1. Excluding D180 itself, what net charge comes from residues whose Cβ is under 14 Å from its Cβ, given Lys and Arg +1 and Asp and Glu -1?
2. How do E219, E352, E21 rank by accessible surface area computed with a 1.4 Å probe, from largest to smallest?
3. For the range 185-225, evaluate the Debye formula with one uniform point scatterer on each Cα (no solvent term) and list log10 I(q)/I(0) at q = 0.20, 0.32 Å⁻¹, rounded to two decimals.
4. When the helices in the chain are scored as -39500 (n - 2.57) per DSSP H run of 4 or longer and the sum is shared across all residues, what 222 nm value do you end up with, to the nearest 500 deg cm²/dmol?
5. Considering only the chain, what is the antiparallel percent among its DSSP beta bridges, to the nearest 5?
6. Taking 51 Å as R0, compute the FRET efficiency from the Cβ-Cβ separation of V418 and Q115 and round it to 0.05.
7. Considering only DSSP beta bridges with both partners in the range 376-433, what is the antiparallel share in %, to the nearest 5?
8. At 10 °C and 1.306 mPa s, grab the translational diffusion coefficient of the range 119-172 from Stokes-Einstein with a Kirkwood Rh over Cα pairs, rounded to a whole number in µm² per second.
Amino acid sequence: MTPKTFRIKSFGCQMNVYDGERMAELLAEQGMSAAADGDDADLVVLNTCHIREKAADKAYSDVGRLRREDGSKPLIALAGCVAQAEGAEARKRAPMIDIVVGPQAYHRLPDMVAQTTRGGRPVDIDMPAISKFDALPARRRASPSSFLSVQEGCDKFCTYCVVPYTRGAEISRPWQDVVDEARALVDAGAREIVLLGQNVNAWADGSRGLADLIRALAEYDSLERIRYTTSHPMDMGDDLIAAHGEIAKLMPYLHLPVQSGSNRILKAMNRSHSVESYLRTLEKMRAARPDIALSGDFIVGFPGETEEDFTQTLQIVDEVRYASAYSFKYSPRPGTPAATMEDQISREVMEERLERLHERIGQHQLAFNRSKVGMSTRVLVERKGRHQGQMIGRSPWLQSVHFETSAQPGDIVDVTLVSAGPQSMAGAEAERVAA
Ligand code: SAH
Ligand code: SF4
Ligand code: F3S
């Protein structure tokens, strides 16, 4: 039977969220509609993440949960990075899966659904040279803050990471494609565009780089804000740094993962930057844009990490004074060089280090948020809050701001930041002058 309704669940990074949105647009173009909240869907797409063991396991436990009380089940498509990594093997672990489709093949999802109606159980984990983007429909939907993938894949091969295997080699989408999609998003109501890529700052088309692209997008009148993520320290060029001082619509926020504060560990991770080169980049960034909010990622318990190495990680956190940062326990991934390194760190040690790192990062987050109390700024309203009349939006520094307002998602409102928590700010709307 041809499915009429679908549900897509995306896990993992923002690129997966973007892919999920594109799959929804693709299925809608075929005449299917999104299942209403709480309703059963005929087709369920699990758009999975393989980055850590827990994320990958979640994919399978979610498949199991799709069996209905009467014993029937929806059509199940396993998409995303677990699909890419495991291919047809995924079905050995979860025979309920009907379709396996990788992140570079999902434009063929409608065909694969059609094959299942003829009894097929298709698997497609090709990484074709021709970009899937050409086969996707023009965009019709946008959120106030919309994602736009401009670059995919990774050639860096950090020794712990699966992304080069699940997403393939680094490619940049052509200038014109990106500009056209950005225009479509703005026409559909986007006020902010977040340019995405595993190494987004490596984006290039001929001699043009990310800074040039941002400059071009900043010309769109009703587009108010531009962000980009995730960047690699080695690709943080001077032109992009300078752009932060020159383009008012480019928001003062940079996510630049360092992973560890120890040069010995960075080398073992094959990160191709040192603590010193990373700090120099941040110094230049602060010179260009003094109020920049800095963010990062950390891995604790990489094989061979000593207490001394970990202390250096705490030191770099103190030195950078991150406005926010994410930290993870090292998770050995099959097929990556680090998984077979000697000196794997015990779970207890990892947990204890992660806790200390969390606490340290939390102190800096709170200090950063407190430093903004009393300030008047602009907030892009994104969604309703928990209380009646309350909305949640983002400050330029990407803080979540909760405040009472009659403004709607997509509005940009003048707000005074009145108090700070570790994860969010409370604001008060400035007197609104009727238009
Ligand atoms: N391309 C981006 C992010 C990729 S994945 C970058 O290089 O910054 C997001 C984060 O997951 C990484 O920054 C890293 O901190 C974490 N990560 C990746 N592989 C991991 C692993 N095997 N175990 C624990 N954390 C991992
Ligand atoms: Fe993974 Fe490193 Fe590539 Fe980031 S740069 S995606 S951590 S291999
Ligand atoms: Fe996960 Fe794949 Fe993104 S492994 S983090 S969904 S690139």
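The values are calculated or read from the model by the stated rules, or taken from the named source; none is laboratory data. If you're wondering where the values come from, they're calculated on a predicted model, not measured in any experiment. Cβ placement follows ideal geometry from the backbone for every residue including glycine, while neighbour counts extend to all protein chains displayed. Please note that ligands, DNA and RNA were not included when accessible areas were found on the heavy atoms of the full protein model with its side chains. Shrake-Rupley method; radii C 1.70, N 1.55, O 1.52, S 1.80 Å.
1. -1
2. I get E219, E352, E21, largest accessible area first.
3. Each listed q corresponds, in turn, to -0.66, -1.09.
4. Value at 222 nm, helices only: -10000 deg cm²/dmol.
5. Around 35 percent of the beta bridges assigned by DSSP in the chain are antiparallel ones.
6. My answer for the efficiency is 0.35.
7. Approximately 85 percent, going by the DSSP bridge assignments.
8. Answer from the Stokes-Einstein relation: 114 µm²/s.
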